[in-house]
Number of protein chains: 2
Amino acid sequence: MEVNSPYQANEYATSISSIKEAWTRINSVIHKTPVMSSETLDLLAGRRLLFKCDCFQKGGAFKFRGASNAIFSLNAEQAAKGVVTHSSGNHAAALALAAKLRGIPAYIVIPKNAPKCKVQNVIRYGGRVIWSEPTLKSRETTAAKVMRETGAVLIHPYNDARIISGQGTLSLELLEQFPTIDTIVAPISGGGLISGVAVAAKSINPAIRVLAAEPMGANDAALSKAAGSIVTLSETNTIADGLRASLGNLTWPIVRDFVDDIMTVEDKEIIDAMRLCYEILKVAVEPSGAIGLAAVLSDSFQKNPAWKDCNHIGIILSGGNVDLGVLWESLGK
Amino acid sequence: MEVNSPYQANEYATSISSIKEAWTRINSVIHKTPVMSSETLDLLAGRRLLFKCDCFQKGGAFKFRGASNAIFSLNAEQAAKGVVTHSSGNHAAALALAAKLRGIPAYIVIPKNAPKCKVQNVIRYGGRVIWSEPTLKSRETTAAKVMRETGAVLIHPYNDARIISGQGTLSLELLEQFPTIDTIVAPISGGGLISGVAVAAKSINPAIRVLAAEPMGANDAALSKAAGSIVTLSETNTIADGLRASLGNLTWPIVRDFVDDIMTVEDKEIIDAMRLCYEILKVAVEPSGAIGLAAVLSDSFQKNPAWKDCNHIGIILSGGNVDLGVLWESLGK
């Protein structure tokens with residue numbers, strides 16, 4: 001890994017200038033999300049923790065940054081035909097919302113077995129739902145069909161330069177709010193968030209550590225980093241439903257070169273961290289959103305001498321879209 | 001009600017100058033809590049809603065404002081002997097935390113049947129727990145005994161001028177953050193919060209509407225307002241465990257003269273509003289904390305011609321201390 005290597009603009013899918021352009025483009029439509037802290041959690045971690053609450057972002061997740069950058073990057077001709085994606089998660093809702101703001105159609109391919117709350121989010125934001133079978137092949141075929149029929153532009157949830165640059169605005173915002181941050185911890189799935197975050201943060205301050213957190217049951221990024229090339233898993237098993245994707249050819253080189261380490265945590269640690277977010281911070285995060293805290297509290301982080309000087313840690317609470325039905329049922333009794 | 005009557009400094013337990021003094025006193029120890037908004041909820045309400053998230057306050061509730069004002073108002077001799085209270089809720093935790101910050105003892109009288117999570121909060125913040133029987137009489141007798149034995153100062157959860165002035169700082173902060181607010185909605189229980197909020201807000205801008213929200217199953221404030229004198233209930237029945245107290249002789253005159261209306265809502269409306277806070281705002285509020293939103297979404301508010309010009313509504317999310325055990329049990333399965 002060559003963290004301090006001179007940055008080559010053409011090597012990677014994004015750059016600090018693309019990320020700054022994205023910020024200018026989307027600044028008026030995104031929420032500037034607050035940074036929260038808790039002395040109780042600082043004591044637990046033995047460090048100063050600064051929680052960047054992007055679960056408060058429009059659409060309930062950081063995904064709106066990339067989606068709005070992609071949507072507002074389109075020229076008028078492209079925009080008129082709309083956009084299409086086959087993610088059923090936070091990216092789909094974010095894309096629908098951003099498209100609605102620009103007044104263009106968003107075609108969202110959703111597998112028939114998708115969780116109801118995710119489908120509702122897409123519909124709430126005006127997305128046009130196209131059903132597919134619950135296989136990647138069917139989703140891709142259906143999306144291709146929509147593209148042929150409508151001329152809509154495909155916006156991949158993470159393997160897209162516009163998306164990566166949009167997510168990178170999170171670092172610009174965070175480091176403006178807390179310039180003393182020496183470490184940033186973010187979840188990793190397909191790598192869109194951590195790629196934008198890492199390039200922006202390291203460009204501003206090469207000494208900043210950028211650490212990714214991943215569920216043990218979907219540890220393809222850690223395996224990829226160890227192997228030196230993209231590893232994909234035939235199956236994943238984790239409560240963090242937002243963290244099951246594999247790296248793409250645009251995110252992998254950035255993860256390889258700019259991310260200092262991938263930390264894996266057990267689902268139990270994710271649930272415990274989620275509980276701390278609710279009970280101490282009063283922030284309603286989804287499991288994927290709590291994984292950064294889980295990683296920082298884990299033994300493997302706490303006891304690793306490489307991280308003993310990580311004193312001001314920015315932890316990205318990435319999203320808050322979770323089905324809490326069991327809670328409302330219990331309260332309604 | 002004489003909202004626009006000239007303010008007489010000696011008539012009420014607090015004044016704008018006391019509240020400004022409180023703000024100077026506590027500003028460096030309290031969190032400046034963020035104001036959040038959601039276009040989805042604005043659409044639901046047909047108004048601009050500005051959520052003042054005091055559930056993010058230290059101790060998880062606005063109570064820390066009043067408690068820290070009371071604690072830091074004590075002279076050195078008083079402080080050395082400590083403080084005592086017989087609330088088992090958010091006030092107790094807030095008082096313990098504020099006392100810890102000043103380095104003085106806080107004796108917290110707690111009935112034996114108090115919820116475990118509330119007791120844990122008190123212990124976490126260093127409060128000295130004194131157990132009593134689960135009756136008001138036993139709690140008061142026990143507190144009196146502690147006072148005799150230790151010389152500690154009793155800090156009542158709401159019927160105390162220092163507490164009321166401290167809670168009033170919430171209005172100063174909110175109106176500095178959003179000067180265009182024309183209406184403030186806050187929960188009412190013993191009346192400490194709404195009293196401070198109303199005096200501060202009406203002193204800054206007499207045209208601001210200050211509305212209180214109360215559970216139907218603990219509607220003593222609404223009955224008091226209608227009767228023109230304090231009404232107490234022999235029993236209460238509501239999910240909003242923080243809203244069961246009755247008005248005191250210091251809060252009642254302010255509620256009578258400065259609060260424009262008391263709105264009552266059903267528990268079902270509280271649960272629905274709480275759900276919106278979690279699912280849309282991603283803020284983990286307790287039932288009492290969500291009641292302001294419940295009131296603003298209720299038919300009785302929406303259809304009342306008196307409130308049709310309430311366009312920029314500050315809603316106080318007052319606290320977030322709630323036992324979510326059922327949620328963690330379900331996730332751990």
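The values are calculated or read from the model by the stated rules, or taken from the named source; none is laboratory data. These figures come from a predicted structure and were not determined experimentally. Cβ placement follows ideal geometry from the backbone for every residue including glycine, while neighbour counts extend to all protein chains displayed. For the accessible areas, the whole protein counts, side chains as well, though only heavy atoms, and no ligand, DNA or RNA atoms are used. Shrake-Rupley method; radii C 1.70, N 1.55, O 1.52, S 1.80 Å.
From the Cα gyration tensor of the stretch B:63-154, with a ≥ b ≥ c the square roots of its eigenvalues, which class applies: rounded if a/c is under 1.5, or else prolate if a/b is larger than b/c, or else oblate? Taking the square roots of the gyration eigenvalues as a ≥ b ≥ c, the stretch B:63-154 is oblate. Of all DSSP-defined beta bridges confined to the protein assembly as shown, some 10% are antiparallel rather than parallel.
Note on the stretch B:266-333 and the stretch B:128-204: Cα centroid distance 21 Å, given to the nearest whole angstrom. Using Cα pairs closer than 8 Å and at least 6 residues apart in sequence, work out the relative contact order for chain A, in percent. Result for chain A is 21 percent.
The fraction of Cα-Cα pairs per 10 angstrom bin, counted from 0 for the stretch B:1-124, comes to 12, 31, 30, 21, 6, 0 percent, rounded to whole percents.
Of all DSSP beta bridges located in chain B, what percent are antiparallel, nearest 5? Counting DSSP beta bridges with both partners in chain B, the antiparallel share is about 10 percent. Where in the stretch B:214-269 are there GluC sites (Glu not before Pro) that are in a DSSP coil and have at most 11 other Cβ atoms within 10 angstrom of their Cβ? Here the sparse-neighbourhood loop sites are B:GLU235. With label points set 7 Å from Cα along Cα→Cβ, the inter-copy distances at A:SER17 are 6.1 nm, sorted shortest first. With 29 Å as the limit, the listed pairs B:LYS32/B:LYS112; B:LYS118/B:LYS282; A:LYS202/B:LYS100; B:LYS32/B:LYS303; B:LYS20/B:LYS282; A:LYS282/B:LYS308 have B:LYS32/B:LYS112; A:LYS202/B:LYS100; B:LYS32/B:LYS303; B:LYS20/B:LYS282; A:LYS282/B:LYS308 beyond it between alpha carbons. Spin-label model, B:GLU235 to B:LEU136: label points 7 Å out along the Cα-to-beta-carbon direction sit 1.5 nm apart. If you filter the stretch B:237-295 for trypsin sites (Lys or Arg not before Pro), then keep DSSP loop positions with at most 14 other Cβ within 10 Å, what is left? The qualifying sites: there are none.
With θ taken as phi - 60° and the Karplus curve 6.51 cos²θ - 1.76 cosθ + 1.60 applied, the whole-hertz 3J(HN,Hα) list for the stretch A:75-87 is 7, 4, 5, 4, 4, 4, 8, x, 10, 9, 8, 10, 8 Hz, x standing for glycine and proline.
Placing a pseudo-label 7 Å from each Cα along the Cα-to-Cβ vector at A:LYS20 and B:GLU77 gives an inter-label distance of 6.3 nm.
Taking all protein chains into account, the per residue accessible area for the stretch B:77-199 stands at 37 Å² (1.4 Å probe). Note on chain A: with a GNM built from Cα contacts shorter than 10 Å, the maximum mean-square fluctuation among A:CYS277, A:CYS117, A:CYS55 falls on A:CYS117. Of all aspartates and glutamates in the structure, those lying under 19 Å Cα to Cα from B:LYS137, and not within fewer than 8 positions of it along the same chain, are B:GLU149, B:GLU235. Sparse packing (at most 15 other Cβ atoms within 10 Å of the Cβ) combined with a DSSP loop state is found for the following trypsin sites (Lys or Arg not before Pro) in the stretch B:78-138: B:LYS112.
Build a GNM of chain B with springs between Cα atoms under 10 Å apart, and of B:VAL210, B:VAL29, B:VAL109 the one that fluctuates most is B:VAL29.
At an R0 of 25 angstrom, the distance between the Cβ atoms of A:ASN249 and A:ASN205 translates into a FRET efficiency of 0.35.
On the beta carbon distance between A:ALA227 and B:SER28, with R0 = 51 Å, the FRET formula returns roughly 0.50.
What helices in chain A pass both tests, a Cα length along the helix axis of 27 Å or more and a mean Kyte hydropathy of -1.0 or higher, using whole DSSP H runs? Span-like helices in chain A: none at all. Between copies, B:GLU149 shows label-point distances of 7.8 nm, shortest first, with the point placed 7 angstrom from Cα along Cα to C-beta. Other residues whose C-beta falls under 12 angstrom from the C-beta of A:ILE30 contribute a net charge of +3, scoring Lys and Arg +1 and Asp and Glu -1. Per residue, the average separation of C-alpha pairs within less than 8 Å and at least 6 apart gives the stretch A:63-154 a relative contact order of 31 percent. Annotation: the antiparallel percentage among DSSP beta bridges lying fully within the stretch B:106-221 is about 0.
For chain B, the 222 nm mean residue ellipticity estimated from helices alone, with every DSSP H stretch of n ≥ 4 adding -39500 (n - 2.57) and the total spread over all residues, rounds to -13500 deg cm²/dmol.
Label separation (B:ALA306 vs B:ARG124): 3.9 nm, computed from points 7 Å beyond Cα along the C-beta direction. Take A:ALA226, move 7 Å from Cα toward the beta carbon, and the resulting point lies 6.9 nm from the same point in each other copy, nearest first.
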